[in-house]
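Novice: Below you will find the structure I want to go over with you.
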Amino acid sequence: MKLSTLYLGEIELNDEEVLTFENGVPGFQDQKQFVLLELDGNPAFKVLQSVKQENLAFVVTNPFLIEAKYEFELDESVKKQLKIQNESDVQVWNIVTVQDPFEQSTINLKGPIVINIKENLAKQLLLSESDYSTKHPIKGGELKHAGTNEKSR
């Protein structure tokens, strides 16, 4: 299918790439289908693009590139909802608020997006009982290496 995107124009999309957020994302509960897209020339960042609404897209990054000691617990209800069987099936991404200049950009460490890549199910968590910030500075983060991010605790 063809998909019109906010940052990448029109692209071709396979149905298998679509992530389902059963409850939508906070603030956009009616948006339940998204796709994670590569940003050309910058492997540390991706775009989480709504399938239904062209102008709804979030820049995301691997939080472990910014905060190596980032961790949180997935409770059993989340594991069940996302059908998580193995930690290796999990990816964690966090939304970036991009600023100009880029060094002033921040990452929301309080709201990780957890994806079961095997089942294409996703959920944005709200870590209410943590000291993480919604505006954690990216400056000083390790954005040099954009490997996988299977870590979640």
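Novice: Determine whether Val47 is within 15 Å of Ile138 (Cβ to Cβ) and either in contact with a strand residue (DSSP E or B) (Cβ under 8 Å, 6 or more places away or on another chain) or surrounded by 20 or more Cβ atoms within 10 Å (Cβ to Cβ) (or both). Reasoning before the result, please.
Specialist: Values: within 15 Å of Ile138 (Cβ to Cβ): no; either in contact with a strand residue (DSSP E or B) (Cβ under 8 Å, 6 or more places away or on another chain) or surrounded by 20 or more Cβ atoms within 10 Å (Cβ to Cβ) (or both): yes.
In short, no.
Novice: Do we have Val60 as aliphatic (A, V, I, L, M), in contact (Cβ under 8 Å) with a residue 12 or more places away in the chain and exposed (fewer than 14 other Cβ atoms within 10 Å of the Cβ) here?
Specialist: Working: aliphatic (A, V, I, L, M): yes; in contact (Cβ under 8 Å) with a residue 12 or more places away in the chain: yes; exposed (fewer than 14 other Cβ atoms within 10 Å of the Cβ): no.
In short, no.
Novice: Further question: Restricting to the stretch 64-91, name every residue that is acidic (Asp, Glu) and farther than 19 Å from Ser128 by Cα. Lay out the reasoning, then the answer.
Specialist: Here is the first cut: in the stretch 64-91, the ones acidic (Asp, Glu) are 67, 71, 73, 75-76, 87, 89.
Correct list: Glu87, Asp89.
Novice: I need a count of the residues in the stretch 20-35 that are more than 14 Å from Gln53 (Cα to Cα) and either outside any loop (DSSP other than H, G, I, E, B) or among the charged types (D, E, K, R) (or both).
Specialist: Number satisfying all stated conditions: 3.
Novice: Does Ala44 satisfy the criteria of being more than 26 Å from Leu8 (Cβ to Cβ), at pLDDT below 95 and hydrophobic (A, V, I, L, M, F, W, C)? Before the answer, list the steps.
Specialist: On the way: more than 26 Å from Leu8 (Cβ to Cβ): no; at pLDDT below 95: yes; hydrophobic (A, V, I, L, M, F, W, C): yes.
No.
Novice: Scan the stretch 119-139 residue by residue and report those that are touching a residue at least 60 places away in the same chain (Cβ under 8 Å) and either part of a strand (DSSP E or B) or more than 19 Å from Glu71 (Cβ to Cβ) (or both).
Specialist: At the first step, the residues of the stretch 119-139 found to be touching a residue at least 60 places away in the same chain (Cβ under 8 Å) are 120-124, 126, 132, 136, 138.
Once the filter is applied, which keeps residues that are touching a residue at least 60 places away in the same chain (Cβ under 8 Å) and either part of a strand (DSSP E or B) or more than 19 Å from Glu71 (Cβ to Cβ) (or both), the stretch 119-139 yields Asn120, Leu121, Ala122, Lys123, Gln124, His136.
Novice: Using the structure shown, decide if Leu65 is surrounded by 15 or more Cβ atoms within 10 Å (Cβ to Cβ), under 17 Å from Pro26 (Cβ atoms) and touching a residue at least 12 places away in the same chain (Cβ under 8 Å). So that I can check it myself, show each step before the final result.
Specialist: Values: surrounded by 15 or more Cβ atoms within 10 Å (Cβ to Cβ): yes; under 17 Å from Pro26 (Cβ atoms): no; touching a residue at least 12 places away in the same chain (Cβ under 8 Å): yes.
So Leu65 fails the test.
Novice: Going residue by residue through the stretch 98-118, is there one that turns out to be outside any strand (DSSP E or B), surrounded by fewer than 18 Cβ atoms within 10 Å (Cβ to Cβ) and on the phi > 0 side of the Ramachandran plot? Step through it out loud before you land on a result.
Specialist: Quick first cut of the stretch 98-118, residues outside any strand (DSSP E or B) only: 98-105, 108-112, 117-118.
Add one more test, that the residue is surrounded by fewer than 18 Cβ atoms within 10 Å (Cβ to Cβ), and what stays is 98-104, 111, 117-118.
Checking the rest, the ones that are also on the phi > 0 side of the Ramachandran plot come to none.
Checking the stretch 98-118: not a single residue is outside any strand (DSSP E or B), surrounded by fewer than 18 Cβ atoms within 10 Å (Cβ to Cβ) and on the phi > 0 side of the Ramachandran plot.
Novice: Still on this structure, I have one more. Is there a residue being of a type in the set (Gly, Ala, Ser) and over 15 Å from Lys135 (Cα atoms) anywhere in the stretch 92-113? Can you show your working first?
Specialist: Taking the stretch 92-113 and keeping what is of a type in the set (Gly, Ala, Ser), we get 105, 111.
From the residues that got through so far, the ones that are over 15 Å from Lys135 (Cα atoms) too are none.
Within the stretch 92-113, not a single residue is of a type in the set (Gly, Ala, Ser) and over 15 Å from Lys135 (Cα atoms).
Novice: Suppose the filter is out of contact with any His (no Cβ under 8 Å at 6 or more places or on another chain), surrounded by fewer than 21 Cβ atoms within 10 Å (Cβ to Cβ), outside any loop (DSSP other than H, G, I, E, B) and of a type in the set (Val, Ile, Thr); does Val78 pass it? So that I can check it myself, show each step before the final result.
Specialist: Values: out of contact with any His (no Cβ under 8 Å at 6 or more places or on another chain): yes; surrounded by fewer than 21 Cβ atoms within 10 Å (Cβ to Cβ): yes; outside any loop (DSSP other than H, G, I, E, B): yes; of a type in the set (Val, Ile, Thr): yes.
Taking the combined requirement at face value, the residue satisfies it.
Novice: Only one of (1) closer than 17 Å to Val96 by Cβ; (2) surrounded by fewer than 18 Cβ atoms within 10 Å (Cβ to Cβ) fails for Leu37. Which number is that?
Specialist: (2)
Novice: Can you go through Phe72, Phe64 and tell me which one is over 19 Å from Thr20 (Cα atoms) and either part of a helix (DSSP H, G or I) or touching an Asp or Glu at 6+ places or on another chain (Cβ under 6 Å) (or both)?
Specialist: Values: Phe72 fails: either part of a helix (DSSP H, G or I) or touching an Asp or Glu at 6+ places or on another chain (Cβ under 6 Å) (or both).
After ruling out the rest, the residue left standing is Phe64.
Novice: Taking the stretch 122-148 on its own, how many of its residues are closer than 25 Å to Ile84 by Cβ, of a type in the set (D, E, K, R) and at pLDDT 95 or above?
Specialist: 1
The values are calculated or read from the model by the stated rules, or taken from the named source; none is laboratory data. What you see is a predicted model; the values in this text were computed from it and never measured. Reconstructed Cβ throughout: ideal geometry from the backbone, glycine too, with neighbour counts over all protein chains shown.
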